[in-house]
Structure formats: C-alpha cells, structure tokens
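Okay, structure first, notes after.
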Amino acid sequence: MPQVTFEELKNKYQNKPFLETEVNCKLLLKTKEGYIVDVNEEWEGFIPNSHVVNGAEIELHQSEPFKVLVISGPDKSDQFLVSQKALREKTVCENLQKLKDENKPIKITISKVIKGGAEVYIDGVRAFLPGRYIRLPGISQENWVNQEIEVLIEELDYKERKIILNHRKAIELDRQKKAEVTIKKLNEGDIIEAPILRIADFGIFIDLGGLDGLIPASEISWGRFRHPKEVVKVGQVVQARIFRIDKENKRVALSIKQILGDPWEQVESTLGIDTLASGKVISEASFGLFIELKPGVEALLHNSEIPENVQRPKVNSFITARLIKVDPEQRKIGLSLKDVGQSTTELESQEVEQSLQDASVEEKQSNIIEEVVNTDASSSITVEKKDEQEPGV
C-alpha cells in the first residue's frame, strides 16, 4: 500500500469540496447508474443519471473539465454526490433573484396548463404561474399554452425549489413605464383621439398610452343623458381636448364638449322670432314643457302658450312650435303652439328625431360646479342641477 505523505494529505483536504459549492470535475468512468468523476483533482464524485442536464450523456472522451454542484458527501468511501442539474437550478435562481431585487420582468412561454394556473420552464427550471396572476383577455385557459408573455418574480425560494411568477404585475409595471413617457408628451389644449377603456357613473376613461384619461360626465356632451353608457360604448374612439394635467399624479382631464363648441353660439343665426322649430319634449314641469331643439339647446313651452283645443304634448314626443323669444345671452328660448298652422300634438317626425341624434354626441346639459379628476372608481364630479322652477320667459 503506497504511503501518503503529510503534504499530500494537506493538499487533499485543502481542496475538499463543501456542500452547495460549485466545483470542477473530469469524467473517469461511466456506469449503469451514472458517472464517476474526479473532483478538484483530489476527490471522487458521482453524478446520477437523473442529475445530468437534460438527461444527455456525458461523453467518455470528454477531456475538458465541467462544473457541477456538490449536493452531499463525502460518504464512507470519501465519495461526493454531485449534480449538473442542481448547479443549473442554483444559477437560474441566482439570476432570478437579481431580477426580483431589481423588479425587472422576464419573458417566458407557458408550457402547460395545470390545476390552479400554468407550468413554465425558465432555462429548464420549473416555475409556477398562478391563474389569478394571469391576464390574457380574449384567450381561453385551454389556449394559454405557447403564449409568450412577460412576468415578474413574485416569490423565490431556492431551498424549497419554489418559483412563483406574476403576469399582472408585469403588465402594470409596463403601463407605469409607458405612463412616464406619455405624461411628458401631453400638454393642456392638445386634441387627443383615443378608444374608451371603461365607463363609470361620473365619466369615461380613455387610453392615452399606458395612462388613463378621464372625460367627466359633464364634459361628454352639451345634451342631456342619465348615464354615459347611454351615449358611448367601450372601444369607441372619441376625440377630446385636454383641459387639465396633473403631471405629478399622472392625471389627465379631457373634454369632448370643447371640441364640439358651444351650440348656443349658433342660436341667434339659425333661430329667428316667429319661425317654426322642431324638437323633442325632454321634461315636464308644473309651468310648462322643456323642448330640446338640438343637443344643448333647450326651450320652454309655457302652459299659457298651449291652446286649450290642442292636446298637451307628452314627454319623448316630437313637436313643431313657433319661436316667440330667443335670448342667447341668457340662454333662454320661448315657444308657442298658438297660431301654428300644423297640429302640434305628438308628431311622428322621424326626421326631427334623427336630426337630434345626428347632431348629438349625447343628450345632457349641466353647469359644472366642480370636476374632480380621479382615475379611481371612487372618484366623482359635482354637477349643479337645473332647478325645475319657472324661468323668466
């Protein structure tokens, strides 16, 4: 038996590998169960077949050293258990940890739909993407496979071999980055054309490119409406002018009304005293009826101007009446059914109805006391309602 010198023993134990450390090795022998390798030129190691990367065989003629991770040992025969696969997992996890710390996304492809979500492989290492963290509108769950998306690392535990991903957070991060760019480009007075993202009681939100712009309900139309959804729909492209920007909080308020112009500016030139005008009865008060002549322009038909021999028009009916007062400055128009040649009970005038619809983006007029621009669903705007009292017509 050859004698081992103290110097040889010293060198051997100085090169002794430790658990979870990366070491160099060379192939010595292939067996049925795996590979016997030389570790650090002093120790013997064993790589089980299941720990070879991708299950590929290590060639016997391979002369170049390769790296493995020590996962146990030494045993009674001074042999260490080492693994290519464990080294790859550790390297991948270290890289993912850096991405997690820096809040950077990674691009992945969904491999398989499983219970509760989807299975993903990152450089051969398995990760889990919970269904609640996936946002693929218009794509059914069975069609998630092979979808390429960006995700953030939600949770990472190397020892437990647990990697949890989050697609929703990656989408939100991307929107925030786009919003930073978009808000710098926008200025008050700019006219924007964009699709409607969603509709709320207090207004509509449009897509400005990573940033939601709010068009308050009072800025949608000069005409009357009860709810914005009556006149616009999600996906519809609208044109609006920016009238307020809060760059610090990334909030933008816009107006469609400002694009359309004030309809009362055209009243004096288009509506003359003693001429006939057609419109829709939109509301009723004790003293008379309010008639919409065109979106944003309303007139009063006083009870005293409805002859006794004429049936009182009903709300939502269309009538033709004579103009007896036009005051654009006070925004007041008076109508009369007296001395009107044609019967003015409920007319089945499709042309009148169509002209009102065509001239309108929608049907509401209100005086703004305060517009609160807020992209949260809890936001609201305060609007002064018209008092149903008799005006001085």
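Report those strands (runs of 3 or more DSSP E) wholly inside segment 260-341 carrying at least 2 residues which are within 30 Å of residue 240 (Cβ to Cβ) and under 44 Å from the mean Cα position of the chain (by Cα).
Correct list: 276-285, 288-294, 297-302.
Scanning for something free of Cβ contacts under 8 Å to residues at least 24 places away in the same chain, farther than 30 Å from residue 208 by Cα and open to solvent by 50 Å² or more (accessible area, probe 1.4 Å), does segment 255-267 turn up at least one residue?
yes
I'm checking my understanding of the structure. Among residues of segment 277-297 that are open to solvent by less than 20 Å² (accessible area, probe 1.4 Å) and of a type outside the set (A, V, I, L, M, F, W, C), which one is farthest from residue 265 (Cα to Cα)?
288
Count, please, the residues in segment 321-338 that happen to be buried (at least 19 other Cβ atoms within 10 Å of the Cβ) and not aliphatic (A, V, I, L, M).
The total comes to 3.
Given the criteria surrounded by fewer than 16 Cβ atoms within 10 Å (Cβ to Cβ) and out of contact with any Phe, Trp or Tyr (no Cβ under 9 Å at 6 or more places or on another chain), does residue 162 qualify?
No.
Cβ-Cβ below 7 Å, separation at least six or inter-chain, first residue in segment 113-132 and among the hydroxyl-bearing types (Ser, Thr, Tyr), second open to solvent by 30 Å² or more (accessible area, probe 1.4 Å): which pairs?
Qualifying pairs under 7 Å: 121/111.
So in segment 172-195, with the set limited to residues that are surrounded by 13 or more Cβ atoms within 10 Å (Cβ to Cβ) and touching an Asp or Glu at 6+ places or on another chain (Cβ under 8 Å), which one is farthest from residue 103 (Cα to Cα)?
So, considering only residues that are surrounded by 13 or more Cβ atoms within 10 Å (Cβ to Cβ) and touching an Asp or Glu at 6+ places or on another chain (Cβ under 8 Å), the one farthest from residue 103 (Cα to Cα) is 194.
Consider segment 227-253. How many of its residues are free of Cβ contacts under 8 Å to residues at least 40 places away in the same chain, in a loop (DSSP other than H, G, I, E, B) and within 25 Å of residue 298 (Cα to Cα)?
The number of residues fulfilling the criteria is 1.
The values are calculated or read from the model by the stated rules, or taken from the named source; none is laboratory data. Because the structure is a prediction, the values reported are computed rather than measured. Every residue, glycine as well, gets a Cβ built from its backbone with ideal geometry; the counts of neighbours run over all protein chains shown. Note: accessible area is taken over every heavy atom of the protein model, side chains too, but ligands, DNA and RNA are not part of it. Shrake-Rupley method; radii C 1.70, N 1.55, O 1.52, S 1.80 Å.
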